[in-house]
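Enquirer: Below is the structure I would like to discuss, written out as structure tokens.
The values are calculated or read from the model by the stated rules, or taken from the named source; none is laboratory data. Bear in mind the structure is a predicted one, so any value in this text is a computation, not a measurement. Reconstructed Cβ throughout: ideal geometry from the backbone, glycine too, with neighbour counts over all protein chains shown. Remember, those area values only see protein heavy atoms, side chains included, never the ligands or the DNA or RNA. Shrake-Rupley method; radii C 1.70, N 1.55, O 1.52, S 1.80 Å.
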Amino acid sequence: MRKQLSQDENKGSVGTLARGLDILELFAGESPELTQTEISDRLGLPVPTVHRLVKLLTERGWLVRDTASRRLRLGLGAARLLPAVRLPDLAREPLRALAERTGDTVNLATLDGHEVLYLLSETGSHLLTLRSHAGLRLPLHATALGKCLLAQLDDDAARAAAGREPYEALTPRTVTTWAQLRANLERVRREDVAHSREEYEVGLHSIAVPLAWVDGDGPVAVNVSLPSSRAGRADTVKLVRELRSTAAAITGAAR
């Protein structure tokens, strides 16, 4: 049974929510990046209170911390609640057009903690195609999207995001160690495209390319998923070309 909050508890919860929203609103103005001390000074809140609220907002993805400067900025937390945030909204038509041209499912995703987070998915017309949805989470080490996102980070950040070894062996082809995954990432960085050939699920092939998104708070990528039976060399080359064209169209729409 749902617990009923007392009047004092309700007031405290509302106050905490209000302070959290106050923090988020600071970043929407002229200060896209702030330290916890700066937040404390501008809102007149004790540093321990700011630390507690920032910790929660960071864990939920509403704020992210730059690994070099340690300054905070807005994250993609809203994407879990609002599918029509700016990036998915701009990407929707290019992804829908690609799904129509290829007949396969096309997705837009970002990195969230140790997982791939789907921001948008457009299903193709083929009967044999993957069905996805916004909000879906998948492992980084076994997916083309995951490897494409990790490859946009330096090795230290990528290894931290990938999590503890051994990684889960989802199929006989899944890489399970950092050494194997790092070799994959080096290839992705050289070729600017990532593949998952039955590494996440037997019979499933996926291709992903990075998306240059200047307003984002982390790596973003687009992918197409299809049965391995349709993933011959000629088809794969064509899909890579289509994905790059789509990524360029999304980036162009953002300018």
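Enquirer: Among the residues of segment 185-195, write down those that are surrounded by fewer than 19 Cβ atoms within 10 Å (Cβ to Cβ) and under 21 Å from the mean Cα position of the chain (by Cα). So that I can check it myself, show each step before the final result.
Expert: The first filter runs over segment 185-195 and keeps only residues surrounded by fewer than 19 Cβ atoms within 10 Å (Cβ to Cβ), leaving 186-187, 189-192.
Hits for segment 185-195 are E186, R187, R189, E191, D192.
Enquirer: Tell me yes or no: at least one residue of segment 169-183 is open to solvent by 20 Å² or more (accessible area, probe 1.4 Å), touching a Lys or Arg at 6+ places or on another chain (Cβ under 8 Å), at pLDDT 95 or above and in a helix (DSSP H, G or I). Steps first, answer last, please.
Expert: Restricting attention to segment 169-183, the residues satisfying the condition of being open to solvent by 20 Å² or more (accessible area, probe 1.4 Å) are 169-170, 172-173, 176-180, 182-183.
So of that shortlist, the ones also touching a Lys or Arg at 6+ places or on another chain (Cβ under 8 Å) come out as 173, 178, 182.
Now restrict to residues that are at pLDDT 95 or above: 173, 178, 182.
Add one more test, that the residue is in a helix (DSSP H, G or I), and what stays is 178, 182.
There is at least one residue in segment 169-183 that is open to solvent by 20 Å² or more (accessible area, probe 1.4 Å), touching a Lys or Arg at 6+ places or on another chain (Cβ under 8 Å), at pLDDT 95 or above and in a helix (DSSP H, G or I).
Enquirer: Consider segment 24-68. How many of its residues are of a type in the set (S, T, N, Q), assigned to a loop (DSSP other than H, G, I, E, B) and under 24 Å from D154 (Cβ atoms)? It would help to see each step written out before you state the result.
Expert: Taking segment 24-68 and keeping what is of a type in the set (S, T, N, Q), we get 31, 35-37, 40, 49, 58, 67.
Those left that are additionally assigned to a loop (DSSP other than H, G, I, E, B): 31, 35, 67.
Then drop every residue that is not under 24 Å from D154 (Cβ atoms), which leaves 35, 67.
Number of matching residues: 2.
Enquirer: Between E186, E242, E199, which is in a loop (DSSP other than H, G, I, E, B) and at pLDDT 95 or above? Write out each step before concluding.
Expert: Details: E186 fails: in a loop (DSSP other than H, G, I, E, B); E242 fails: in a loop (DSSP other than H, G, I, E, B).
Checking each option against the conditions leaves just E199.
Enquirer: Name every residue in segment 87-112 that is assigned to a helix (DSSP H, G or I), aliphatic (A, V, I, L, M) and open to solvent by 10 Å² or more (accessible area, probe 1.4 Å), in order of residue number. Step through it out loud before you land on a result.
Expert: Taking segment 87-112 first, the residues assigned to a helix (DSSP H, G or I) are 87-102.
If we keep only those that are aliphatic (A, V, I, L, M) too, we end up with 87, 90-91, 95, 97-99.
Selection gives L90, A97.
Enquirer: Now, a different point. Checking E165 against (1) in a loop (DSSP other than H, G, I, E, B); (2) touching a helix residue (DSSP H, G or I) at 6+ places or on another chain (Cβ under 8 Å); (3) crowded, with 21+ Cβ neighbours inside 10 Å; (4) modelled with pLDDT of 95 or more, which single condition isn't satisfied?
Expert: With respect to (1) in a loop (DSSP other than H, G, I, E, B); (2) touching a helix residue (DSSP H, G or I) at 6+ places or on another chain (Cβ under 8 Å); (3) crowded, with 21+ Cβ neighbours inside 10 Å; (4) modelled with pLDDT of 95 or more, E165 is out only on (3).
Enquirer: Could you figure out which of (1) touching a residue at least 40 places away in the same chain (Cβ under 8 Å); (2) in contact with a His (Cβ under 9 Å, 6 or more places away or on another chain); (3) open to solvent by 10 Å² or more (accessible area, probe 1.4 Å); (4) small (G, A, S) isn't true of A151?
Expert: Looking at each condition in turn, A151 falls short on (2).
Enquirer: Out of G146, G218, G135, I need the residue that is surrounded by 22 or more Cβ atoms within 10 Å (Cβ to Cβ), not in a strand (DSSP E or B) and not acidic (D, E). Which one? If you could, list the steps in order and put the result at the bottom.
Expert: Values: G218 fails: surrounded by 22 or more Cβ atoms within 10 Å (Cβ to Cβ); G135 fails: surrounded by 22 or more Cβ atoms within 10 Å (Cβ to Cβ).
It is G146.
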